[in-house]
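Comments concern the structure below.
The values are calculated or read from the model by the stated rules, or taken from the named source; none is laboratory data. Only a predicted model underlies this, so the values are computations on that prediction, with no experimental measurement involved. Cβ atoms come from the backbone with ideal geometry, glycine included; neighbour counts cover every protein chain shown. The area values use the complete protein model at the heavy-atom level, side chains included, leaving out ligands, DNA and RNA. Shrake-Rupley method; radii C 1.70, N 1.55, O 1.52, S 1.80 Å.
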Amino acid sequence: MLFNSISFGIFLIIVFLLYCIFPHKYRWAFLLIASYAFYMNLHLWYGILLFLATLLTYTLAISLEKAQTDSSKKRNLLFGLLPLILIIVFFKTANPVISQLNSAISKASLSLQPITLTILLPAGVSFYFFQSMGYLIDVYRGKIKAERHFGYYALFISFFPQLLAGPIGRADSLIEQYKKERPFVYENVTYGLKLMTWGYFKKLVIADVFAVTVDQIYNNVHSYVGLVLIITTVMFAIEIYCDFSGYSDIAIGCAKLFGIELMTNFKSPYFSFSIREFWSRWHISLSSWFRDYVYIPLGGNRVPKWRHCLNLLITFLVSGFWHGSAITYVLWGAIHGILQIVETLIHPKGKEYKKRFWQLPLTFILLCFTWIFFRANSIEDAIWIISRLFWDIARPFNYLKTAVICLDMSYIQMGGMALSVLVLLIYDLLSLKYDVIDEFSKQKFFIRWPIYVITLVTIALFSAKGVATEFIYFQF
């Protein structure tokens, strides 16, 4: 059940209305049942895996808290983390290994049938496994108490708005919210609906539209050279941002309908003046997870400089592998690690430095360069793109003309895409200083409602194709 499907809209309306009817003491149980129904709608065995992971980490967290010695605590932590890590590694590596085996069989001309098994990554497994692992580590560190109420803990792991792609929550914030009585607040509902609408605009009107061109060119890169590859790469940078931040906005807005506050996951990341700043604004719940549970345990920046640089590189390599075992993802992570190291050597953390305007476009260019590896289907495709970005640039007119022909768009299409990006830029620029939705809600009726209607009509028009496209981060 995708957020951008009609079935989810019906599901959400029913769940919200029933939630408002249920007494407070039963609401957690109702949300838990709704969350499992939401998840098992994708596949029955997804719910079984979710329950087993929940039961394992719930039991071991209590054992961790009861353990009398450091060795028993470490043993319990290991018993909790190791199965989750191994399952993630299995799902991330199974298909590439099968592909390599088939390639080896083919090259060796062996009389063996190729392996046709395809291992499907359960939707959301990386996100709720990370949430479970973070919970175990926090209990181990004594930061939080192990939750004794299995229902509240199960809801913390399975809450449907954040289950498939985050934001990755922390127990010290969320579990207490599930326990607290939450009266109906009209402003929460309207704010949540507006945030969801903005998320749908980013997903349907920008990301899905840009994806058509990006997929066409990136899935057949050897047919293209020059400026069109640059334009498409920038389009992908916008696509993946609108796709994933759109999902986060829908998730956060949806949770707000039920009085639950999820953490902000994006803060205008393309207005960053450095790669370091970008990672404080992009996928914040995941980047802060890697900071707290990988980077800091390695020693963070409280070690000699060479070790600090190594810690950065290891953290981003792990981040790359989390996205997938393909060499393109690992390289993407490695490049971000190297860029962070360079910035650290030039501007040590904690040392103030002046932000200059030229750093903004430079950071965006570097980010677009890394996105090539993230989106390319293979390392060979990535090398092709990089080596041919400026093909025929010595003839500017031909360089531009070829790009326009390859994009194969009408002026109306180009204008519509440019307008949607302009709206995005204005929103993100304003959100650096204001809560845009809150401020806009204070405007006069005759200003607000025409914008609401135009936005909803635009979303409806782009949804008319009737196909609910998956969000990019579902594959991770």
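General remarks:
- Which listed residue is buried (at least 24 other Cβ atoms within 10 Å of the Cβ) and either more than 23 Å from the chain's Cα centre (by Cα) or without any contact (Cβ under 8 Å) to a residue 60 or more places away in the chain (or both), from ASP215, ASP249: ASP249
- Among (1) at pLDDT below 90; (2) closer than 24 Å to VAL209 by Cα; (3) not hydroxyl-bearing (Ser, Thr, Tyr) - the single one CYS368 does not satisfy: (1)
- Some residue of region 109-118 being open to solvent by 10 Å² or more (accessible area, probe 1.4 Å), farther than 27 Å from LEU2 by Cβ and at pLDDT 90 or above: no
- Within region 382-425, the set of residues being touching a helix residue (DSSP H, G or I) at 6+ places or on another chain (Cβ under 9 Å), open to solvent by less than 100 Å² (accessible area, probe 1.4 Å), over 16 Å from VAL212 (Cβ atoms) and outside any helix (DSSP H, G or I) comprises ARG388, LEU389, ASP392, ILE393.
- If you go through region 363-377 and pick out every residue that is open to solvent by less than 30 Å² (accessible area, probe 1.4 Å) and assigned to a loop (DSSP other than H, G, I, E, B), you end up with 1.
- Unmet criterion (only one of (1) farther than 24 Å from VAL125 by Cβ; (2) open to solvent by less than 20 Å² (accessible area, probe 1.4 Å); (3) within 24 Å of the chain's Cα centre (by Cα)) for VAL221: (3)
- Restricting region 33-80 to residues that are under 29 Å from PHE16 (Cα atoms) and outside any helix (DSSP H, G or I) leaves a set whose member that is least open to solvent (accessible area, probe 1.4 Å) is LEU42.
- Among the residues of region 252-265, those that are open to solvent by less than 30 Å² (accessible area, probe 1.4 Å) and touching a Ser or Thr at 6+ places or on another chain (Cβ under 9 Å) comprise ILE252, GLY253, LEU262, ASN265.
- Residue check: SER7 meets all listed conditions (1) in a helix (DSSP H, G or I); (2) touching a residue at least 60 places away in the same chain (Cβ under 8 Å); (3) under 20 Å from ILE459 (Cβ atoms) but one, namely (2).
- Positions within region 132-144 being in contact with a helix residue (DSSP H, G or I) (Cβ under 9 Å, 6 or more places away or on another chain), open to solvent by 10 Å² or more (accessible area, probe 1.4 Å) and either free of Cβ contacts under 8 Å to residues at least 24 places away in the same chain or charged (D, E, K, R) (or both), in sequence order: GLY142, LYS143
- Residue within region 351-361 that is farther than 28 Å from PHE271 by Cβ and of a type outside the set (D, E, K, R) present: no
- Residue match in region 158-165 (condition: more than 16 Å from LEU2 (Cα to Cα) and open to solvent by less than 40 Å² (accessible area, probe 1.4 Å)): no
- Index of the failed condition, PRO83 passing every other in (1) open to solvent by less than 30 Å² (accessible area, probe 1.4 Å); (2) part of a helix (DSSP H, G or I); (3) out of contact with any Ser or Thr (no Cβ under 9 Å at 6 or more places or on another chain): (1)
- Between GLU147, GLU176, GLU187, the distinction of being surrounded by 19 or more Cβ atoms within 10 Å (Cβ to Cβ), at negative phi and of a type in the set (Asp, Glu) belongs to GLU147 only.
- So LYS355, is it assigned to a helix (DSSP H, G or I), basic (Lys, Arg) and open to solvent by 60 Å² or more (accessible area, probe 1.4 Å): no
- Matching helices (runs of 4 or more DSSP H) fully within region 272-350 where at least 2 residues are among the small types (Gly, Ala, Ser) and surrounded by 17 or more Cβ atoms within 10 Å (Cβ to Cβ): 284-290, 305-323, 327-346
- Helices (runs of 4 or more DSSP H) fully within region 119-181 that include at least 2 residues being more than 22 Å from TYR247 (Cβ to Cβ): 125-141, 150-158, 171-179.
- Cβ-Cβ contacts under 6 Å between residues 6 or more apart (or on different chains), taken from a first residue in region 253-278 that is free of Cβ contacts under 8 Å to residues at least 60 places away in the same chain to a second residue that is open to solvent by 20 Å² or more (accessible area, probe 1.4 Å), are listed as PRO269/ARG281.
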